1. Is there a residue being surrounded by fewer than 11 Cβ atoms within 10 Å (Cβ to Cβ), without any contact (Cβ under 8 Å) to a residue 24 or more places away in the chain and of a type in the set (Gly, Ala, Ser) anywhere in the stretch 184-194?
2. Could you go through the stretch 155-171 and let me know if any residue there is out of contact with any strand residue (DSSP E or B) (no Cβ under 9 Å at 6 or more places or on another chain) and exposed (fewer than 11 other Cβ atoms within 10 Å of the Cβ).
3. Condition check: assigned by TED's automatic domain parsing to the domain that holds Leu100, among the aromatic types (Phe, Trp, Tyr) and either touching a helix residue (DSSP H, G or I) at 6+ places or on another chain (Cβ under 7 Å) or surrounded by 12 or more Cβ atoms within 10 Å (Cβ to Cβ) (or both). Does Phe137 satisfy that?
4. Would you please list the contacts, defined by Cβ atoms under 7 Å and residues six or more apart or on different chains, that run from a residue in the stretch 134-150 that is under 21 Å from His160 (Cβ atoms) and free of Cβ contacts under 8 Å to residues at least 60 places away in the same chain to a residue that is of a type in the set (Gly, Ala, Ser) and surrounded by 11 or more Cβ atoms within 10 Å (Cβ to Cβ)?
5. Looking at Glu142, Glu131, Glu147, can you tell me which residue is of a type in the set (Asp, Glu), surrounded by 14 or more Cβ atoms within 10 Å (Cβ to Cβ) and within 24 Å of Leu101 (Cα to Cα)?
Amino acid sequence: MKIFNKEGNTNPKEDTRTGAERSGSRNSFSSAEEANEPGKNPEQASVDSGAEKSAEAACREENEILKDQLFRFAADFDNFRKRTARQMEENRKAVIEQVLLDFVEVTDNFDRALKAARTAEDMNSIINGIEHLSKQFFSILEKYGLERIKCENGSDFDPHRHEAVQHIETSEVPDNTVVEVYRPGYTLDSKVVRPATVSVARNPDDAEK
């Protein structure tokens, strides 16, 4: 008597063999999928690790290059600073040397004037010699930018260029007017380095008001 299963298969051994083949096929397919997963491939993991190490090495190399450039720039700037300071000092000494040489000529003329004054009988010649020395002296000052402030008796008082050391009550000149110049003032390249010392008029009538 034949026994049929639900599917109508008359050979139970064939069913068992077929099921085993299917199960083996599924297992082999599953193993192949697992082998193809990225995290499960040793060669791929080795490549990724090598890439990370290569990127890290590149960063370290770039860092060393930048540090070397920074040290070079710092050394160059320090050398530039020292060279600039040395050049400025040399220029300062050169200017001072030139100024002193210009005034040495004035001292030479002073010596000549003194020798001539000891034997001179004419006072006018001595006065003329002194006037010549004064002009020579101030010409050197003007050469280096020093100028005398224009200040005369009767001129208007300028607090930026004049220094009032005395107020004189008078009605002969307008109020706030220079009465007398005690000491001349000077400017260096338009900057007041010494104001002129003067006395200033104060009108008595304005003072009472």
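1. Quick first cut of the stretch 184-194, residues surrounded by fewer than 11 Cβ atoms within 10 Å (Cβ to Cβ) only: 189-191.
Next cut, without any contact (Cβ under 8 Å) to a residue 24 or more places away in the chain only: 190-191.
Retained after the next criterion (residues that are of a type in the set (Gly, Ala, Ser)): 190.
Yes, that holds for at least one residue.
2. Checking the stretch 155-171: at least one residue is out of contact with any strand residue (DSSP E or B) (no Cβ under 9 Å at 6 or more places or on another chain) and exposed (fewer than 11 other Cβ atoms within 10 Å of the Cβ).
3. Working: assigned by TED's automatic domain parsing to the domain that holds Leu100: yes; among the aromatic types (Phe, Trp, Tyr): yes; either touching a helix residue (DSSP H, G or I) at 6+ places or on another chain (Cβ under 7 Å) or surrounded by 12 or more Cβ atoms within 10 Å (Cβ to Cβ) (or both): yes.
Criteria met by Phe137.
4. Ile149/Gly185; Ile149/Ala196
5. Details: Glu142 fails: surrounded by 14 or more Cβ atoms within 10 Å (Cβ to Cβ); Glu131 fails: surrounded by 14 or more Cβ atoms within 10 Å (Cβ to Cβ).
Checking each option against the conditions leaves just Glu147.
The values are calculated or read from the model by the stated rules, or taken from the named source; none is laboratory data. If you're wondering where the values come from, they're calculated on a predicted model, not measured in any experiment. Ideal geometry is used to build each Cβ from the backbone, glycine not excepted, and the neighbour counts take in all protein chains shown.
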